[in-house]
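Working notes, beginning with the structure itself.
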Amino acid sequence: MSTTFTIDTGTSRATPTPAPMKRLTVPAIRQRKGRTPLVMLTAYTVRTAQILDPHCDMLLVGDSLGQVIYGLPSTVPVTLEMMAAHGAAVVRGSFHALVTVDMPFGSYEASPEKAFESAAWLLKQTGAAAVKLEGGEAMAPTVHFLTERGIPVMGHVGLTPQAVNVLGGYGARGRSEEEAAKIVADGRAVADAGCFALVIEGVVEPVALDLTHGVACPTIGIGASAQCDGQVLVAEDMLGLFERTPRFVKRFADMAGLIDGAAASYAEDVRSRAFPGEGQVYAAKPPA
């Protein structure tokens, strides 16, 4: 069902007045297992959230913002404060999708108690509904600890970007029997511990299928399989804002080209003094 948004012209252009609606909940997402595929995209700003929200079941405030927004070499340097600022912006810009915020590297691995402290602070600061953390069997006790204390958790297995220094790169995972078995065991462990959904990233398709059929929660694929219970992409990759993207990305637009063309037209008009024109300047009031 499509959603119509109306804009109150008396408010900020970044503050829409939505049609009445109910935001999707964690139980509603759980119930989508094996049904209509779930749609998830990343969002980091109010305006992006406004545009994506009517089309998505979930918006992920991913720690990929470290690379996409801040130009960092990996997600490892991302901080809780970064995630909180962008998470709050996405919550303000959305009214329908369930918002999940990534827990950054170093904010949850030390102990379940540390993870709870970080997650509780993130949810209080942002108003988001859930957090996402990376890791498998080693993180299952933490997932259980959080969910037992009222914090919904989305899991993430396979290619886990926060562990890039251990993995040695961003290549596909699960090509060997041993690695495939480990990924499946990891996914089942965090799902059994209470995850309401499970991201499966950068794995060979049979691994994604095994996990999708083997866990009770919905699986969200990214470089996995069309048979997962949903899909997620980094929005900027999907929109064609970067020249280089992972193999599993499909570009649904060429926004980089559109922006480049618009900037070139603007520059030309400025240099030729065609802009600002008569319609963009303020005329003096006529004499009384």
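Couple of notes before you dig in:
- In segment 234-288, the qualifying residues are those that are of a type in the set (Asp, Glu) and either open to solvent by 100 Å² or more (accessible area, probe 1.4 Å) or touching a strand residue (DSSP E or B) at 6+ places or on another chain (Cβ under 7 Å) (or both), and the one that is farthest from SER64 (Cα to Cα) is GLU278.
- Against the conditions (1) more than 18 Å from LEU38 (Cα to Cα); (2) open to solvent by 20 Å² or more (accessible area, probe 1.4 Å); (3) more than 16 Å from the chain's Cα centre (by Cα), GLN227 satisfies every one except (1).
- Tabulated pairs, segment 129-148, first polar (S, T, N, Q), second assigned to a helix (DSSP H, G or I) and surrounded by fewer than 20 Cβ atoms within 10 Å (Cβ to Cβ), C-beta under 7 angstrom, 6+ apart or interchain: THR142/PRO112
- Residues satisfying the stated conditions in segment 83-116, i.e. closer than 11 Å to LEU133 by Cα, touching a strand residue (DSSP E or B) at 6+ places or on another chain (Cβ under 8 Å) and hydroxyl-bearing (Ser, Thr, Tyr): THR100
- Filter result for GLU113 (more than 16 Å from the chain's Cα centre (by Cα) and either closer than 23 Å to THR48 by Cβ or touching a residue at least 60 places away in the same chain (Cβ under 8 Å) (or both)): no
- Close pairs from segment 46-58: first more than 14 Å from LEU233 (Cβ to Cβ), partner assigned to a helix (DSSP H, G or I) and open to solvent by 40 Å² or more (accessible area, probe 1.4 Å), Cβ under 7 Å, at least 6 apart: VAL46/ARG92
The values are calculated or read from the model by the stated rules, or taken from the named source; none is laboratory data. No experiment lies behind these values; they were computed from the predicted model shown. Glycine also receives a Cβ, built like all others from the backbone with ideal geometry; neighbour counts cover every protein chain displayed. For the accessible areas, the whole protein counts, side chains as well, though only heavy atoms, and no ligand, DNA or RNA atoms are used. Shrake-Rupley method; radii C 1.70, N 1.55, O 1.52, S 1.80 Å.
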